1. Can you list residues from other chains, or at least 5 along the same chain, whose modelled amide H is less than 5 Å from the amide H of GLU358?
2. Where nothing but the Cβ of Lys and Arg (+1) and of Asp and Glu (-1) is charged, how large is the charge dipole of region 166-245 around its Cα centre, in debye to the nearest 20?
3. Amide H of GLY73: which non-local residues (sequence gap of 5 or more, or other chain) have their own amide H closer than 5 Å, using H built in the peptide plane?
4. Out of these labelled values of mean projected area of the Cα convex hull in nm², (1) 25.1; (2) 16.3; (3) 20.8, which was calculated from the coordinates shown here?
5. Can you compute the charge dipole magnitude of the chain about its Cα centre, using +1 on each Lys and Arg Cβ and -1 on each Asp and Glu Cβ, nothing else charged? Give it in debye, rounded to the nearest 20.
6. Between HIS296 and ASP86, what is the label-to-label distance in nm when each label sits 7 Å out along the Cα-to-Cβ direction?
7. With θ set to phi - 60°, apply the Karplus curve 6.51 cos²θ - 1.76 cosθ + 1.60 along region 230-247 and write out the HN-Hα couplings as whole Hz, x wherever there is a Gly or Pro.
8. Please tell me which of these pairs span more than 20 angstrom C-alpha to C-alpha: LYS130/LYS374; LYS100/LYS363; LYS113/LYS173; LYS113/LYS323; LYS100/LYS173; LYS219/LYS291?
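The values are calculated or read from the model by the stated rules, or taken from the named source; none is laboratory data. A quick note: this is a predicted structure, and the numbers were derived from the prediction, not measured. Here the Cβ positions follow ideal geometry from the backbone for every residue, glycine too, while neighbour counts run over all protein chains shown. These accessible areas exclude ligands, DNA and RNA; they are computed on the full protein's heavy atoms, side chains included. Shrake-Rupley method; radii C 1.70, N 1.55, O 1.52, S 1.80 Å.
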Amino acid sequence: MKKSINFIHRYQQIIAIPTISSLQAEYDLTNKPLIDLLATWLEDFGFQIEILPVEGSRGKYNLLATYGEGEGGLLFAGHTDTVPFDEGRWIFDPFALTEKEGKFYGLGTADMKGFFAFVIDTLSQIDLQKLNKPIRILATADEETTMLGARVFSQQATIRPDCAIIGEPTSLKPIRAHKGHIGESINVIGRSGHASDPSQGVNAIEIMHKAIGHLLELKSDLQNNYHNSLFKIPYPTMNLGNIHGGDGINRICACCELQLEIRPLPNMSITDLQGLLYQNLAPLIEEFGDKIQIKHLHGGIPGYECSHSAQIVQVVEALLGEKCDAVNYCTEAPFIQNICPTLVLGPGSIEQAHQPNEFLETKFIEPTIKLLTKLIHHFC
C-alpha cells in the first residue's frame, strides 16, 4: 500500500493536536492550533486563507482556503473536532498516530480530522496552476456538539461552488441523504410531600406517565404519516432516552425530567416538528400549566437530501460504479447543502466513530487519493 512520508507526517501532526468538543466547558478545547497548522500547509500551496472566528463558541474557528478565482469549482469540507475519549478504554495513545497490522490508530483518524491529510496529500500531487475553476477547503468547528461552525459558515458564506464533498467516514460509499436530529427535554414540576398523604403533594412521575402516553401517540403518528423509501427505516424515529425523578420512596416526587430525540426525514421542518411536539402535549399543558416545561437540548439538525439528478451525484456514482445511499446518522451536510449540492464521502468506517481505539484501515489511502484527484480534475 502506497503511503508517502509526507502523508504520514501530516497525519501524525493532525492527530497530535487535541481538538475535543464538549458541551461541558472543562473538557472543551479550542481548535485554533489545528486551524493554524492547516492554514500554514495550504498557504504553502498558494491558497488564500481566511480564518473565521465562530461567534458564540468557546474560542473556536473555521478555516476557508481558496485556490483560484471565479464561481463554481469544488469544495472539500470536514470538521476539525473530535469527541472526548475514555483514557481507560484506549490501548493506544489517542494523540499519537500508531500504525499496526494495516490500521492507523488515533482519535480523529477516521472521524474525521484525518481527512485533511488525504486532501493535502492529493493537492501536493496536482499541478494547481492548470486548474480552470477554484478549489476550496473548509475546516469547521464543533460538529460533534452543536454543529455551530457549519451553521455559522452557511449563514455567512458568499461562495457558490458547483458541489461539495464532506469527508466523513463512509467507507468510500457515497451518501446523498440522512435524517436529522432534535433533542428535547420534558420537565414536570410537582410538589413534594409526605407519601402517606397524597393530597399534600403533586406527583411529577404520575404527570410524566401521562406525558409519555401522549409522546408514544406522536411516535406512532410519525411512523404512520411520514415516509421516505431512501431509508432502511423509512419513517421518523423517536427514542425516549433517559428519565430521572424523585429522591425517595416515602416522598411525593416533586420533579421529573425525560430527555428524548426525534430523527426527522429530509424536508421535514425542524420548527414544524417541534410544533407537533408542543401540540401533542397541549392537553397536559392546558391541564397542568407551567408544571410542564419543554426545552431544546440543542439547535435542531434538519434532514438532508441531495437530488439524484445533481451533477455531483451522477459524477461520483460513475466514478465509483455504485449508487448513492442514505444513512440515519447526522453530518454537517444540511448546512453545506444550503451553499451547493453536497455528498458525504470519505475514508474509514462510521463504525469506528466515537469508539475507543478508533482506527482507519490503510487500505483506504490509495483509493481515497485517487478519487479526490479525479474529482478535482473533473470539477476544477
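1. The answer is GLY106.
2. Here the size comes out at about 400 debye.
3. Answer set, sorted by chain and number: ASP162.
4. Checked against the structure: label (3).
5. Dipole size: approximately 680 debye.
6. In this crude label model, HIS296 to ASP86 measures out at 3.1 nm.
7. 3J(HN,Hα) across region 230-247, in whole Hz: 5, 9, 4, 9, x, 10, x, 9, 10, 10, 7, x, 7, 9, 9, x, x, 9.
8. From LYS130/LYS374; LYS100/LYS363; LYS113/LYS173; LYS113/LYS323; LYS100/LYS173; LYS219/LYS291, over 20 Å: LYS113/LYS323; LYS100/LYS173; LYS219/LYS291.
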